[in-house]
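Reviewing the structure listed below.
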Amino acid sequence: MSNPRIFQNLIGGAFLPSRSGQTFERRNPADTRDIVGVFQQSNAEDVGLAVAAAKAAFPAWSQIPAPRRGEILLRAATILEARKEQYSHDLTREMGKPLFEAGGDIVEAIGMAQYAGSEGRRMHGVTTPSELPNKFQMSIRQPLGVVGLITPWNFPMAIASWKMLPALVAGNTVVIKPGEDAAVSTYNLVAALTEAGLPPGVVNIVTGYGPGAGQPLVEHPDVALISFTGSTTTGRLVYELGARQIKRVSLEMGGKNPLIVMPDADMELVMQGVVWAAFGTTGQRCTATSRLIVHKDVAEPLVARIIERAQHLRVGNGLDPETEMGPLVNEKQMQRVLSYIEIGQQEGATLRCGGGRITEGDLAHGWFVQPTVFTGVTPQMRIAREEIFGPVLSVITVASLEEAIAVANDVAYGLSASIYTRDINAAYRAMLALEAGIVYINAPTIGAEIHLPFGGVKATGNGHREAGPTMLDVFSEWKSIYIDFSGSLQRAQIDNVE
Ligand code: UN1
């Protein structure tokens, strides 16, 4: 185990300790004897400095032509590609997902750097004909100013890139507060950008455990937008605080994602998809499959297949290339998952596999929980309604497509949903009827690509879609411009109405 690295806040291009001198430590969730890093415990004062640095960097950065800003992102993509192995290792060590998944996290960031970077040459606005003669009109995009990003630990490189890179190409400057359990990846992303030529002060990093740094960032009057991904509880608070200042807030929060299985589906394909989407990333994706809604005629043989595979998943330290499922991110998350397993049993669901912490050998030093499957779950149970964010699958049986869709939609969230069927009519009906921002047909609920809008309906979000062509709507402001070259006063809506 190597010595812990000391990470300081990045403010105006300089690495600075927190003003209070306080720090916090992050340990590897697969083996808590390994200290990953020591980070600054920042407060409002540190946030104030970071926002001031971002504000000072804004005029120059926003005046660099967008294609030139994009070139920096494109160069960063190449640097990330070259560092993929090292950055994957750092990511696995800080948050626990297996190396092959950590590589995927970096690949998403590379994809976003290419996509947002090339957006520098598009940044399309609109032109429309005027109601009046000799008049021209158009809408163009302009940056917002300083944007505040609050990112989660579960996709520490990918989600930071989804937010930061569109923000940058649009001409904004950034203060980011990364999830305290996985901040190293944000430093790595920013290191790649810096090496690619990003000027100092354009991106600033403040770290902090708990709300000490996040809240002052949300409340800072010079921050024009807060883009937040995380829990619904925190997101609601962010929304409320932002609303007081009529601040733009983009939220992406929880999910309780259903995967529907009709009797005609390819059951081997379903099994593989369910195991990947329920237990991949140890269930810690907002897009994870947490409800299997299966037709009663095929439920039992399918569940048997899933359990057979789940019981043989290799659970361990993600740094071991053999590992298929890593630990939970921290002790609190492990306790939360274990308490939901308890709740499921109390509610009368049948625990069919897993259900406990793993403490064999070296795994006793980490936060490992067995892949867990409950059957006999009814739609009203808490394990069918609340986001667990762990390797727990709730199986609900239904008798028809209509019932499956009704059950799928009967939760507060609406991020991702899936249906497996060979019946094209059933697939299309579900595609339209499922209340979700993302729908998959014959594929599991995870695996969204960065060039389609990402986000959800109902309690999952507040209508914004980061990633995809809609990303610039989050990170820029429309300005509509009317140019009258008639040489006389043309009174809109008056002179032209006969
Ligand atoms: C998340 O679940 O928090 O669609 C993000 C996916 C990944 C991103 C997930 N591309 O599963």
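Tabulated data
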| read-out | value |
| --- | --- |
| Debye, to nearest 20: dipole size of the chain, +1 on Lys, Arg Cβ, -1 on Asp, Glu Cβ | 900 |
| For Glu477, distant residues with modelled amide H under 5 Å away | Gln142, Leu144 |
| Interatomic Cα distance distribution for segment 291-354, bins of 5 angstrom, percent | 3, 14, 15, 20, 23, 14, 7, 2, 0 |
| About the Cα centre, charge dipole magnitude for segment 254-358 (Lys/Arg +1, Asp/Glu -1 at Cβ), debye | 380 |
| For Ala265, residues with placed amide H under 5 Å, excluding near neighbours | Arg422 |
| Scattering curve values for segment 228-314, log₁₀ I(q)/I(0), Debye with Cα scatterers, q = 0.10, 0.12, 0.22 Å⁻¹ | -0.39, -0.50, -0.99 |
| Point-charge dipole on Cβ atoms (K/R +1, D/E -1) for segment 67-159, about Cα centre, debye to 20 | 420 |
| Helix 84-95 vs. the chain, principal-axis angle (Cα, 0 to 90°, nearest 10) | 60 |
| With Cα atoms, 0 to 90° folded angle of helix 267-279 axis to the chain main axis | 70 |
| Kirkwood Rh (inverse of mean 1/r, distinct Cα pairs), the chain, angstrom | 23.7 |
| Karplus-derived 3J(HN,Hα), 6.51/-1.76/1.60, for each residue of segment 468-478, Hz, glycine and proline x | x, x, 7, 4, 6, 5, 6, 9, 8, 10, 7 |
| Rotationally averaged projected area of segment 15-172 (alpha carbon convex hull; nm²) | 12.3 |
| Three principal axis lengths of segment 209-259 [C-alpha, angstrom, descending] | 43, 25, 13 |
| Within straight-line cross-link reach of Lys135, aspartates and glutamates at Cα separation under 15 Å, skipping those fewer than 8 residues along the same chain | Asp484, Asp495 |
| Bins of 10 Å from zero: percent of alpha-carbon pairs in segment 257-413 | 12, 43, 34, 10, 1 |
| Estimated vicinal HN-Hα couplings, Hz - segment 107-119 in sequence order (Karplus 6.51, -1.76, 1.60; Gly, Pro = x) | 4, 4, 5, 4, x, 5, 5, 6, 5, 5, x, 6, 4 |
| Highest to lowest packing among 336-349, 250-263, 403-416, scored as the average C-beta count within 10 Å | 250-263, 403-416, 336-349 |
| For the chain, with +1 on Lys and Arg beta carbons and -1 on Asp and Glu, the positive-most of Leu74, Pro199, Val407 along the dipole | Pro199 |
| Farthest toward positive dipole pole in segment 366-452 [+1 Lys/Arg, -1 Asp/Glu at C-beta], among Val395, Val373, Ile441 | Val373 |
| Placed amide H near Thr23: partners under 5 Å, 5+ positions off or other chain | Gln41 |
| Rounded to whole Hz, the Karplus (6.51, -1.76, 1.60) HN-Hα couplings of segment 312-323, x for glycine and proline | 9, 5, 7, 9, x, 5, x, 6, 7, x, 7, 5 |
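All of the numbers you see were taken from the coordinates with simple rules; none came from a lab. Computed from a prediction, not measured in an experiment: that's the story for all the values here. Counting neighbours? That spans all protein chains shown, and the Cβs are built from the backbone with ideal geometry, glycine included.
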